[in-house]
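Quick note: the coordinates plus some simple rules give every number you see, no bench work behind them. Note that the coordinates shown come from a computational prediction; the quantities given were computed from them, not determined experimentally. Don't worry about glycine lacking a Cβ; one is built from the backbone with ideal geometry, like all the others, and counts go over all protein chains shown.
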Amino acid sequence: MKNDLENQAKILDKLSIEKLNAMQEETQSVMHSNKEVVLLSPTGTGKTLAYLLPIISELDRECNEIQVLIVVPSRELAIQIEQVIREMGTGFKANAVYGGRPGSKDKIELKHRPAILIGTPGRIADHLRNGIFQIEKISRLVLDEFDKSLEIGFEKEMKEIMELLPFVQNKLLTSATYEVEVPDFVGLKNPVTINYLTDTTTQLTIKTILSPSKDKLPTLVKLIRHIGNQPGIIFCNFKDTIQEVSDYLIENGIGHGCFYGGMEQKERERALIKFRNGTHTIIIATDLAARGLDIPEIKFIIHYQLPNRSHEFIHRNGRTARMFNDGTAYVIKWEKENLPYFIHDAMFEALNVAPLPQSSNWQTLFISGGRKDKISKSDIAGLFFKQGQLSKEELGTIEIKLDCAFVSVTASKVNQVIQLVDNTKLKNKKVRITLI
């Protein structure tokens, strides 16, 4: 017990977390003493860490096979969980597998078995079907955001996964809503439910903005001016609408990123990186961005198009007012439009005449070297400070991936930095540095 507490303290220190919240504390206790758990808690309250801590404390260091399988609805959530495990620094290997990248790459990585495998339902089911790894030691299954996986059509794959894992003894299901019943094929017999969805300590304000015409684009621009320089997400229902909104914002001089399912995986990742590091303060997205993404605290979300169901509305709103901070959800409503039943208690707000938000002070540079080249954040910072001649205030967020890295730099110094550090050596590797 003492060792567990010491190990947890080290993990929290590495993650720069002072202490666990009430939900995380309760989840640890319940998971240690129950085989079936359903965890319900709003987006942004730390569910991933809540279940990873007890899972990691019970892993067998002598086992050379996969012990835990985490099934998630999106590539981004798989990558995020893999990154969290890596940052915990426990020594246990984790790998993320998902559609959109070569299966051969998965096979190479899985030759050295991870203790924890994270993946999307389609890719996990495919690997199980083809016997890519042993299943006898997989004793714990996590269905993270299980309702979203069911909602976007993964029921067949999830059912197949359950059938192909006969040795699972512990099951955990998580969600930020509880609008979907747990399917019979999951095989829960007597689960313990941890429910923090009724926690009202978040400070979300919902406001309605009237659009005088059915074309809401002019009203959207006025709203963005009204809000000012704040980070936020504009939600649309379709990728075609995202393109229309994006074109209009460009015409009006408003910088932004886009994020939706039809984008190449590389472009989706880069859109999130630019949003995290401040290159873009606004991102236009479908409901793919409504949950499970590693993005910074945002001050607002805008429902440019209204969602069709109540739980989609809840998940979108959950991107702001997270971890007990304030946030605002704006609903743009055409004067002749009827709001759905689940949108109520929304106050009307008149828009102030305001100037365009200032352009971001940051731009993002790509570096052609990453973790596999033994490159660290301090290596990159040293290069940019010394050879790139930047001050600490001119270097922003550094994100390192397996084979590349991304750095935000003050926009006025970008060209100077590229000239000074492109084609130089970083940890014995000559790297290219380009603007993205």
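So how strong a dipole does the chain carry about its Cα centre when Lys and Arg Cβ are +1 and Asp and Glu Cβ are -1, to the nearest 20 debye?
Numbers: 56 positive and 54 negative charges, 313 e Å.
The calculated dipole for the chain is roughly 1500 debye.
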Next item on the list: Work out which chymotrypsin sites (Phe, Trp or Tyr not before Pro) in the chain are exposed loop sites (DSSP not H, G, I, E or B, at most 15 other Cβ within 10 Å) and give the longest gap free of them.
Entry: 1-166
Check: Looking only at segment 124-140, which residues have a backbone nitrogen under 14 Å from a spot 7 Å from the Cα of residue 185 in the C-beta direction?
Finding: 124-126, 129
Next item on the list: Just add up the charged neighbours of residue 125: K/R +1, D/E -1, any other residue whose Cβ is under 12 Å from the Cβ of residue 125.
Entry: -1
Checklist line | Linear extension gain, residue 87 paired with residue 353, 0.36 nm per residue minus alpha-carbon span | finding: 91.3 nm
Next item on the list: Sort largest first and round to whole Å: the equivalent ellipsoid semi-axes of segment 198-243, each the square root of five times a Cα gyration tensor eigenvalue.
Entry: 23, 15, 13
Note to self: Among the listed pairs 137/427; 111/392; 222/392; 93/427, which have their C-alpha atoms separated by more than 31 angstrom in this model?
What the structure shows: 137/427; 111/392; 222/392
Margin query: Checking the table 274/401; 239/333; 377/401 against a 18 Å threshold on Cα-Cα, which pairs fail?
Written below: 239/333
Note to self: Starting from the 7 Å offset along Cα-to-Cβ, what nm value, one decimal, do you get for the label separation of residue 422 and residue 137?
What the structure shows: 4.7 nm
Next item on the list: Let me know the shape class of segment 43-122, please: from the alpha-carbon gyration tensor, a ≥ b ≥ c as square roots of the eigenvalues, rounded when a/c is under 1.5, otherwise prolate if a/b is greater than b/c, or oblate.
Entry: oblate
Checklist line | Taking the chain and dividing mean pair separation by its residue count, relative contact order in percent (alpha carbons under 8 Å, at least six apart) | finding: 15 percent
Check: Which cross-chain or sequence-distant (5 or more) residues have an amide H under 5 Å from the amide H of residue 302, H modelled 1.01 Å from N in plane?
Finding: 233, 234, 235, 330
Next item on the list: Would you mind telling me which residue in 68, 186, 245 has the biggest mean-square fluctuation in a Gaussian network model of the chain, where springs connect alpha carbons within a distance under 10 angstrom?
Entry: 186
Item checked: Share of pairwise Cα separations in segment 203-348, more than 21 Å, in percent -> 38 percent
Next item on the list: Arrange the following residues from fewest to most other Cβ atoms within 10 Å of their Cβ: 378, 211.
Entry: 378, 211
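Rank these for me by crowding, 236, 63, 404, going from fewest to most other beta carbons within 10 Å. Don't skip to the answer; put the middle values down first.
Values: 236 22, 63 12, 404 19.
Going from least to most buried by this count: 63, 404, 236.
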Item checked: Note, ³J(HN,Hα) from phi for segment 216-228, Karplus 6.51, -1.76, 1.60, rounded to Hz, x at Gly and Pro -> 8, 4, x, 5, 4, 5, 4, 5, 4, 4, 4, 5, x
Notebook entry, point to check: Considering only the other residues whose Cβ falls under 12 Å of the Cβ of residue 157, what net charge follows from Lys and Arg at +1 and Asp and Glu at -1?
Noted result: 0
Item checked: Relative contact order (%) - criterion: Cα under 8 Å, at least six apart; region: segment 2-195 -> 30 percent
Margin query: If you average the alpha carbon positions of segment 1-71 and of segment 107-126, how far apart do those two centres end up, in angstrom?
Written below: 21 Å
Item checked: Around residue 110: net Lys/Arg minus Asp/Glu count, Cβ-Cβ under 12 Å -> +3
Note to self: Quick query: amide H of residue 36 versus all other amide H atoms, modeled in the peptide plane; which residues come in under 5 Å with a sequence gap of 5 or more or a different chain?
What the structure shows: 171, 192
